[in-house]
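Worksheet: the structure to be examined is printed underneath.
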Amino acid sequence: MQISKPAIPFGGCFTTISETQINSQLVFVGLPDDEQSSYRQGCAKGPERIRNAYDGYCYNTTTESGIELTAAVLDLGDWLPQSSWELTAQSYYESAQSLFRAGKIPFFAGGDHAVTIPIGKALDVLGEPIHVVQIDAHPDLYPELDDNPNSHACVAARLLELKHIASITQIGIRTMNKIQNQQAKRFSDRFHLVSARELPEQLEALPHLEEGAPVYLTIDLDGLDPAFAPGVSHPVPGGLSSRQVLNLIQQARWNLVGMDVVELNPERDVNDQTAILAARLLHEGMGYALKQSSQCNI
Ligand SMILES: [Mn+2]
């Protein structure tokens, strides 16, 4: 007989101690908004699945690279959408600013990719230029899509307009077109492209990002191949493997200031495969951040 037990969210990495009692640098936040998705909705249900599909009965708290995260991460819950995107974006911007200002390293679960626009804006409070590394099938460089400058297809265009974004490096791109290529040229001094076609089996360290460079990592799950991540709204064949992305995180030499994993659409997922992958990538990123902060404290 199968006994049903309550799920242990996120592999057991979340602390159950209240926010006022713990000083955890690592925080998890759900951003359940999919209003800016250009075609299919469903990503608003992403954060809930990422928490619960990565169940502590099946997964443990140690990352692949051996970093122990038992009760190391404070789950701040979901930041709920407001009555309009403008209000939602403003609240995400202000709330993210207060996290960065307090010295937190936030790990966000989307939501569609538009949530990265206000989070990227909030990086301004860090007071230094920040590099963005973006895993994606799509360059998201449209000036606007369907007359909407806030579309999830415009994320990189909006970020590149910000003075505090030192560069964007995109990995896994396979849907570049004329209008987006014009944008890539316009921002060519701060824009780096590693298209899916030219991806090596083992991703090399990104030579233009110096060791210790402050990096915000944004992972659109459709950057991975649909074989690994079927639960996305806009799947494109020919993408990265789970192994390549995990290795990229583990072998980075950056100063990770924050990370998001976006575009999980549970309605299109298979056996929670993509939700578990999303959690796994965040888990590895959290381990990387913990390792880097403990080295700083020595
Ligand atoms: Mn995408």
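Please treat every number below as a calculation from the coordinates, not as lab data. Remember, it's a predicted structure, so these values are computed and weren't measured experimentally. Note that we place each Cβ from the backbone using ideal geometry, even for glycine, and neighbour counts take in every protein chain shown.
Specify the residue with the greatest mean-square fluctuation among Ile276, Ile179, Ile67, computed from a Gaussian network of the chain linking alpha-carbon atoms under 10 Å apart.
Top of the fluctuation ranking is Ile179.
Subtracting the Cα-Cα distance from 0.36 nm times the residue separation, let me have the gained length for Glu86 to Thr16 in nm, one decimal.
Here the segment from Glu86 to Thr16 would lengthen by 21.9 nm.
Looking at region 99-193 from every direction and averaging, what is the projected area of its Cα convex hull in nm²?
So the Cα hull casts an average projection of 6.1 nm².
Which one of Asn265, Gln251, Pro226 is farthest out on the positive end of the charge dipole of region 213-298, using unit charges on Cβ (Lys, Arg +1; Asp, Glu -1) and the Cα centre as origin?
The residue sitting farthest along the positive end of the dipole is Gln251.
Under a Cβ-only charge scheme (Lys and Arg +1, Asp and Glu -1), can you give me the dipole magnitude of the chain about the Cα centre, in debye to the nearest 20?
Roughly 360 debye for the chain.
Report the full-extension gain for the segment Glu68 to Arg186: residue separation times 0.36 nm, less the Cα-Cα distance, to one decimal in nm.
Contour length minus the Cα-Cα distance gives 38.1 nm.
Only sites in a loop by DSSP and with at most 13 other Cβ atoms within 10 Å count here; which GluC sites (Glu not before Pro) in region 23-108 make the cut?
Glu64
Using only Cα atoms, what is the ratio of the radius of gyration of region 5-113 to 2.2 N^0.38 Å?
Here the answer is 1.14, to two decimals.
May I ask you to list the trypsin sites (Lys or Arg not before Pro) in region 110-200 that are in a DSSP loop and have at most 11 other Cβ atoms within 10 Å of their Cβ?
Lys163
Under a 5 Å amide H to amide H cut-off, with H placed in plane at 1.01 Å, what residues pair with Asp75 once short-range neighbours are removed?
Here the answer is Thr15, Phe28, since their amide H atoms fall under 5 Å of that of Asp75.
Reachable aspartates and glutamates from Lys185, Cα under 20 Å, same-chain residues fewer than 8 places away excluded?
Candidates past the 8-residue exclusion: Asp136, Asp140, Glu144, Glu161, Glu198.
List the lysines whose Cα sits under 19 Å from the Cα of Lys121, skipping any in the same chain fewer than 8 residues away.
Within reach: Lys104, Lys163.
Give the dimensionless ratio obtained when the Cα radius of gyration of region 154-298 is divided by 2.2 N^0.38 Å.
Its radius of gyration relative to the 2.2 N^0.38 Å reference: 1.06.
Quick one: if you stick a label point 7 Å off each Cα along the C-beta vector at Asp147 and Asn247, how many nm between them?
Distance between label points: 4.7 nm.
First measure r as the distance between the Cβ atoms of Leu162 and Leu76, then evaluate 1/(1 + (r/R0)^6) with R0 = 30 Å and state the FRET efficiency to the nearest 0.05.
It comes out at approximately 0.80.
If you line up the Cα atoms of the chain on their principal axes, what length do they span on each, largest first, in Å?
57, 47, 44
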